Structure formats: structure tokens, C-alpha cells
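Rule-based calculations on the coordinates, nothing more; no lab input. These figures come from a predicted structure and were not determined experimentally. A quick note on method: Cβ atoms are made from the backbone with ideal geometry, for glycine too, and the neighbour counts reach across all protein chains shown.
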Amino acid sequence: MTRFEIWDLRLGNGELSPWGYLVFLLWTLLLVGLLPDQRVTLLLGSVLLFALLTGGGGLRPLRRPRFWTLILPALALGPLLLGEKDLAWGWLRLSRAGFWMGLWMALRAFCLTVAFSVALNALSVSEMARLFETVGLKGLGFALGVALNLLPTLQETSEATYHTLRLRGGFRRPWQALKLFLVTVIANALRHSDDVVNAAAARAFEPTLRRGEPVRFQRADGLLAVALLGLGCGFAFWPL
Amino acid sequence: MKTFTTRDWVYIAVFGALWGAVEITLGAYLHVIFPPLTDTFLVGVILAGLGAIIALTGRHFVPHTGSVLMIGVVTALLKALSLGGVKIGPMVAILAESLLIEAGLVLGFGPFRYSTQARQPSRWAFALAGALAVSWNFFHKFVMMRLLYGQGFTEVAVKMVKDGSQLLGLDVRYSIAILVVLFVIRLVVGAAAGWLAWDLGGAVRRRLAREG
């Protein structure tokens, strides 16, 4: 094993299974809720390190402006809106306590978003389906696949229905129009779903039968879980 | 939980996709119009109300315990996989709402069970389930502000009272009344959503029967 492979935890290299990512996500959720403010920086460091070790794909949201529109307002508005104003900067009245509250808010949101992104980046739809099958929800993966494929069809149906109603002057009675719109879209989707059921039957699909290997809890997942448990206890109880 | 057939799973997928489409498209528009840090009341109530209508209409077509929860799971996963990226708040809200709908339907088998069909919830149970689902919007802010931003109960309640006093035109001194009114509005919207879902399910069924 090369030095790079030792540190490469990516799913494709057969090291961590989806369970490992799930453990990591639950660990982050738990610590975000439990840790005192100052220790959130330690958690953030660990989350970023894990994201880098797993290939860095989970850090992709950081390149999107949308991500920063969630984080930066908390940081910028904290001194203005939170806490008691104890600082004057020109005509602005600011709060030192508000700044710190805003900072911890932003860091918590940062941790959670990166953790979710890492977990979802590592799990493809088929991996999720296998995970659901392993925990006994055998049809849920199938349903997720069908739902993903249905989205464009629903969009087309909705647009067609909306334009038909609009051209017939249906929006003069908004409530009636909304009801008609929903009935038409749902009825069309259900009609389309009959084709999906027939296609599944033609392929001998049976939701109660297992397809593919179950997702097994690997040794690496166990090691990760132990490491995260130790780290979590250290973050929570080590005197700083 | 009963084992679902292939048709049940496809119907779960259909209603999950419908709810997901509402969350992804309308949710994005509403969050642009009302930025998330300034107004969660209106956006949350609209999305939760529509979600409850769709999920409960789905319950008409998959009449088994657990079907709404599965619709919620599919919706939450679609939201997570959507182009907008990972958004924890809506995912938690969708799952909580679907769980509360299930709870409402189970509770509805008791005092609100007027339906003649065996083990099928009545219109009143739908209204109760809808009310419980939309009421989550009230508690959502407390949970998410604690989880995401580490804020305590008091800070969130104070902010909610201030926003509520502006919205309702009431003085902040009536803080309890403001919180109660905000909660009751959610219950009423939810109950109306459940009531409408009952009608909508029937209307869709009649449309499908008429068109063969």
C-alpha cells in the first residue's frame, strides 16, 4: 500500500462503505448540537480534514455563491442584530457578543453543510438503494430511482397544464384553477406510473427480493467509528 | 408496517416526486422572495401546507401505515440530491412533517374514526394529521436554531415574538398571545390542508375512474 493509498479513504478504493459515511454524518450532527461554542472550531477542522481525505468532492459547495449566502449573513448580521451594542464604528452601533454569536452560528452551519455534502457526494443513488435494502427498506431505492426519473415528466405535465388553464381563462377563479391544476397533474402522474409498474413487471422486478449484495459494515468503518468516538469525547470533555 | 407492492412503491415515488418538485421549485422561489433568515413563517407554512396536501393525497392511493413516511423520505432525498445543494433545514422539516402525518393518522383511528372502511382514516383524521404536520413549522425554528446556530430557547422565542408582533400588529407585551396565535394559525392551515387533501384525493380518483 502506497503512502497515498493509506490516507485515501474514498469509497471506490474499497476502504469505507456507505456505513462509514453515515457514521460520520451522525457524529457531526451530534457534536454540532452538543459542543460548546469555542470547540466548534475543532469540529470544523475535523470535518474539513475528513472531506479532504475522502477526495475533496464534499468541499464542492464551497465554490457556490449560494453556500456563502447562508454563512456570511450570520457573520455579518451578528454584530448588528444580536447582543447588547457596546462598540461604535462610525455611525454603526455594534455588539461584540453579537459578533461571537454570529461567528459560532456560521461555523455550525459550515460544519453541517460540509458533512452532508461529503456524505451525499460519496453515495450514489445505487449505493443509497443498497443501503436501504440492507436495513430492510427494499423498495425505497427503487422508489427513489423512479422519483428522480419522474421529475422531468412532472415538469412537462405541470407546464402544459398551467398553460392550458391560463389560455382557457381558468385563473379568473384562482382556487378552482389550483384544484384543477393539482387534479390534472396528479392524475397524469398516476397514469404515467401505470407504465412504470408494467415496465417493472416486464423486468420481473419484485420489491421484496434483494438485488445485489447487502452493504456490509467494513473494518475501516469500525475503525472510523472508534476514532470518531474518541475524537468526539476529546472535543467534549478535554479541558482547554 | 405492511409490505408494499411494486405499485405502492411507484405511487410513493410519484407523490415523493410531486412534493419534491414543490420543495425544489416553489421552495427556491419563495426563499428568494423571502430570504431564509428574515421570514420562515410564511415560507414554512406555505410549503408545509402544500406538502401535507400532496402527502395526504398520496395516502389515498397507498392506504397503508408508513406510506406517508416513505413519501417524506423520498422527498427529503430528492431535496438533498437537487441542484441547489444540501439544505438541512428543509430535509429535517420534510421528515418531521411526514412523521407527524403518520402520527396524526394513527391518532385519528381513535376519537376521529368515523370512516366505514376498516382501518382507513377519516376526513377528520386527515385534518388532524395536516394540523400536526404544519404545526412542526412552529417548533422547527427552535430545533434548527439550536442545531445549526447553537441558539437557546429564549433567543428564538424572543425573535419569534418580535417578528410575530410586527406581523400581527400586536404589542410585544402580549408575547404569550402572539406565540399562541402563531401556533394556532399553523394548526388551522394544516387542518385545512388535510381537509383539502381528502377532497383532492377523491377528485383524482374520480378523474381516473372517468377516464378509465
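Once the Cβ-Cβ distance between residue B:103 and residue A:87 is put in as r, and R0 is 60 Å, what FRET efficiency do you end up with, to the nearest 0.05?
According to the calculation, E is roughly 0.80.
Once you have a ≥ b ≥ c as the square roots of the Cα gyration tensor eigenvalues for the protein assembly as shown, tell me rounded if a/c is under 1.5, and otherwise prolate or oblate according to whether a/b is larger than b/c.
Oblate, since a/c reaches 1.5 and b/c is not below a/b.
Just subtract the alpha-carbon distance of residue B:158 and residue B:139 from 0.36 nm times their residue separation and send over the number in nm, one decimal.
Contour length minus the Cα-Cα distance gives 5.5 nm.
With charges only on Cβ, +1 for K and R and -1 for D and E, what is the dipole size of region A:139-202 about its Cα centre, in debye, rounded to 20?
480
Among A:91-103, B:60-72, how do they line up from the highest to the lowest mean number of other beta-carbon atoms within 10 Å?
B:60-72, A:91-103
For the pair residue A:60 and residue A:220, what calculated FRET efficiency results from E = 1/(1 + (r/R0)^6), where r is the Cβ-Cβ distance and R0 = 35 Å, to the nearest 0.05?
0.90
Taking 56 Å as R0, compute the FRET efficiency from the Cβ-Cβ separation of residue A:194 and residue B:184 and round it to 0.05.
That gives a FRET efficiency of 0.85.
Could you tally up the Lys pairs in the protein assembly as shown with alpha carbons closer than 27 Å? Skip any pair fewer than 8 positions apart unless they're on separate chains.
Here the count comes out as 15.
Over chain A, what relative contact order in percent results from Cα pairs under 8 Å that are six or more residues apart?
Relative contact order comes out at 27 percent.
Putting +1 on Lys and Arg Cβ atoms and -1 on Asp and Glu Cβ atoms, find which of A:181, A:167, A:52 reaches farthest to the positive end of the dipole of the protein assembly as shown.
Farthest along the dipole direction, towards plus: A:167.
Mind giving me the nanometre distance, one decimal, between the label points for residue B:206 and residue A:168, set 7 Å out from Cα along Cα→Cβ?
Taking the two extended label points, one gets 1.5 nm.
Can you give me the Cα centroid spacing of region A:24-78 and region A:122-193 in angstrom?
33
Dipole magnitude of region A:109-240 about its Cα centre, charges +1 at Lys/Arg Cβ and -1 at Asp/Glu Cβ only, in debye to the nearest 20?
For this selection, approximately 460 debye.
Mind jotting down the distance between the C-alpha centroids of region A:94-120 and region A:222-240, whole Å?
Going from one Cα centre to the other spans 21 Å.
Given region A:21-117 reduced to its alpha-carbon atoms as identical point scatterers, what log10 I(q)/I(0) does the Debye formula return at q = 0.15, 0.22 Å⁻¹?
Debye intensities relative to I(0), on a log10 scale: -0.64, -1.07.
If the chain between residue A:77 and residue A:229 were fully stretched, how many nm would it gain, using 0.36 nm times the residue separation less the Cα-Cα distance?
Gain on extension, residue A:77 to residue A:229, equals 51.3 nm.
If you take the square roots of the eigenvalues of the alpha-carbon gyration tensor of region A:139-202 and sort them as a ≥ b ≥ c, do you get rounded (a/c under 1.5), prolate (a/b over b/c) or oblate?
Prolate is the answer for region A:139-202, as a/c is 1.5 or above and a/b outweighs b/c.
On average, how many beta carbons from a partner chain sit within 10 Å of the beta carbon of a residue in A:114-121?
Average per residue, whole number: 3.
Work out the length of the dipole vector of the protein assembly as shown about its Cα centre, built from +1 on the beta-carbon of each Lys and Arg and -1 on the beta-carbon of each Asp and Glu, and round it to the nearest 20 debye.
The dipole magnitude comes to about 760 debye.
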